[in-house]
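Each remark here refers to the structure printed beneath this line.
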């Protein structure tokens, strides 16, 4: 049974994370300036869903060796609890057969469990639910402490690895992953995936900061949007905890060379 102080901290963070969820998508005036590796414009990248925020294709980037991350295979969004039948039908038409919910159980209680596209399978990958209470309590504003917890929290590595393995080996259709607002846990998942595929760091940050555009967030707003120093903290914690990104992938996430090769074979053209 959870102790009251643990439950309280978890509920506070769940409520804070849910504040970043908007009822309808709202685009900011301008997206970040694209790098030379961006192969998909923001309009084409968007899934154009009415009730699911920050919904977009995770592909459409060129790698440092000249290949391109395929589109139509991996999607990232905000939570699906308020999705309309029309939005769910659109996701089904986009081929979504696997949905990974990265939220805590408390967020699911506050915001509702996912509504799924027809035929899709749900996976629950709670990323920060086992983080220490002091970490949870200081992570309300989705700043560096929260992003460091993506690397250090018990269960986080297993959750991210589950998503990546599903992407690598799922042969039935597209994989979708999301948290509450589709920007923090979802943003780190995309940062790891794109880095594994060989996308340069500047473009990884471009993809991360696109959440501000798709969510209509002002600069510096960590409730509704994201800031680069938060992603800096995650990459820094990777180096502190594991020494390198490669060691994080192999020793932290537990991905094998075969897993990485499968990801690259599936997603790169």
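The values are calculated or read from the model by the stated rules, or taken from the named source; none is laboratory data. Model, not experiment: these values are computed from the prediction. All Cβ positions, glycine included, derive from the backbone under ideal geometry; neighbour counts span all protein chains shown.
Overview of values
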{"item": "Inter-residue pairs, beta-carbon under 7 Å, first loosely packed, with under 13 Cβ neighbours inside 10 Å and in the stretch 219-232, second in a loop (DSSP other than H, G, I, E, B), 6+ apart", "result": "220/227"}
{"item": "Qualifying residue in the stretch 172-195 (condition: surrounded by fewer than 21 Cβ atoms within 10 Å (Cβ to Cβ) and part of a helix (DSSP H, G or I))", "result": "yes"}
{"item": "Flag for residue 162 being out of contact with any strand residue (DSSP E or B) (no Cβ under 6 Å at 6 or more places or on another chain) and at pLDDT 95 or above", "result": "yes"}
{"item": "Flag if residue 268 is in contact with a strand residue (DSSP E or B) (Cβ under 9 Å, 6 or more places away or on another chain), modelled with pLDDT of 95 or more and under 18 Å from residue 160 (Cβ atoms)", "result": "no"}
{"item": "The stretch 150-159: number of residues that are closer than 16 Å to residue 241 by Cα and either in contact with a strand residue (DSSP E or B) (Cβ under 7 Å, 6 or more places away or on another chain) or part of a helix (DSSP H, G or I) (or both)", "result": "6"}
{"item": "Near pairs, Cβ below 8 angstrom, 6+ apart or cross-chain, from the stretch 189-213 (at positive phi and modelled with pLDDT of 95 or more) to any residue that is surrounded by fewer than 24 Cβ atoms within 10 Å (Cβ to Cβ) and assigned to a helix (DSSP H, G or I)", "result": "198/264"}
{"item": "Pairs, first on the phi > 0 side of the Ramachandran plot and surrounded by 17 or more Cβ atoms within 10 Å (Cβ to Cβ) in the stretch 126-149, second assigned to a helix (DSSP H, G or I) and modelled with pLDDT of 85 or more, C-beta under 8 Å, six or more apart", "result": "142/230"}
{"item": "Test for residue 118: is it surrounded by fewer than 17 Cβ atoms within 10 Å (Cβ to Cβ) and either under 20 Å from residue 171 (Cα atoms) or within 16 Å of the chain's Cα centre (by Cα) (or both)", "result": "yes"}
{"item": "Residues (buried (at least 19 other Cβ atoms within 10 Å of the Cβ) and over 16 Å from residue 159 (Cβ atoms)) located in the stretch 76-93", "result": "77, 78, 80, 81, 83, 87, 88, 90, 91"}
{"item": "Residue that is nearest to residue 125 (Cα to Cα) [pool: residues in the stretch 94-110 that are in contact with a helix residue (DSSP H, G or I) (Cβ under 7 Å, 6 or more places away or on another chain) and assigned to a strand (DSSP E or B)]", "result": "100"}
{"item": "Some residue of the stretch 37-46 being over 21 Å from the mean Cα position of the chain (by Cα), at pLDDT 95 or above, surrounded by fewer than 18 Cβ atoms within 10 Å (Cβ to Cβ) and not in a helix (DSSP H, G or I)", "result": "no"}
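This table checks each residue for (1) within 19 Å of residue 178 (Cα to Cα); (2) not in a helix (DSSP H, G or I).
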{"position": "202", "(1), (2)": "no, no"}
{"position": "210", "(1), (2)": "yes, no"}
{"position": "223", "(1), (2)": "yes, yes"}
{"position": "236", "(1), (2)": "no, no"}
{"position": "241", "(1), (2)": "no, no"}
{"position": "248", "(1), (2)": "no, no"}
{"position": "266", "(1), (2)": "no, no"}
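The rows are residues; the columns are (1) within 23 Å of residue 165 (Cβ to Cβ); (2) in contact with a strand residue (DSSP E or B) (Cβ under 9 Å, 6 or more places away or on another chain); (3) modelled with pLDDT under 95.
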site: 58; (1), (2), (3): yes, yes, no
site: 82; (1), (2), (3): no, no, yes
site: 91; (1), (2), (3): yes, yes, no
site: 114; (1), (2), (3): yes, yes, yes
site: 123; (1), (2), (3): yes, yes, no
site: 126; (1), (2), (3): yes, yes, yes
